[in-house]
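First comes the structure, then the notes that go with it.
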Amino acid sequence: MEFEDFEPKNKLVKPKDLSSWGIGELEEYIARLEGEIARAKAEIGKKGSHRAAADSFFKK
């Protein structure tokens, strides 16, 4: 087993300094983040439905 195996897979990203951004840039940034949130929620939904199907299949 390698040392890298113990490192977290998803490293936290340092927050961006938004103080120099204009209002339009901030609004575009928010729109991109909302898009990523929607994408992540869709993936959670898919994984949840797969899990439910697997749970019902293996239910005793």
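Annotation: per residue accessible area for the chain equals 104 Å², rounded to a whole number [probe 1.4 Å, protein chains only].
Please name whichever of SER49, TYR29, LEU12 sits farthest to the positive end of the charge dipole of the chain, dipole taken about the Cα centre and charges placed at Cβ: Lys and Arg +1, Asp and Glu -1. Of the candidates, SER49 comes out farthest on the positive side.
Shown in residue order for the stretch 43-49 are the 3J(HN,Hα) couplings computed by the Karplus curve 6.51 cos²θ - 1.76 cosθ + 1.60 at θ = phi - 60°: 5, 4, x, 4, 5, x, 6 Hz (x for Gly and Pro).
Overall, the chain carries a charge dipole of about 560 debye about its Cα centre when +1 sits on the Cβ of Lys and Arg and -1 on the Cβ of Asp and Glu, all other atoms neutral. Overall, the accessible surface of the chain at a probe of 1.4 angstrom is composed of carbon and sulfur to the extent of 60 percent. LEU18 sits among other residues whose Cβ lies under 14 Å from its own Cβ, and their net charge, with Lys and Arg +1 and Asp and Glu -1, is -1. Translational diffusion coefficient of the chain (Stokes-Einstein, Kirkwood radius from Cα pairs, 25 °C, 0.890 mPa s): 158 µm²/s.
The values are calculated or read from the model by the stated rules, or taken from the named source; none is laboratory data. Bear in mind the structure is a predicted one, so any value in this text is a computation, not a measurement. All Cβ positions, glycine included, derive from the backbone under ideal geometry; neighbour counts span all protein chains shown. Accessible surface is based on the protein model in full, side chains and every heavy atom, while ligands, DNA and RNA are left aside. Shrake-Rupley method; radii C 1.70, N 1.55, O 1.52, S 1.80 Å.
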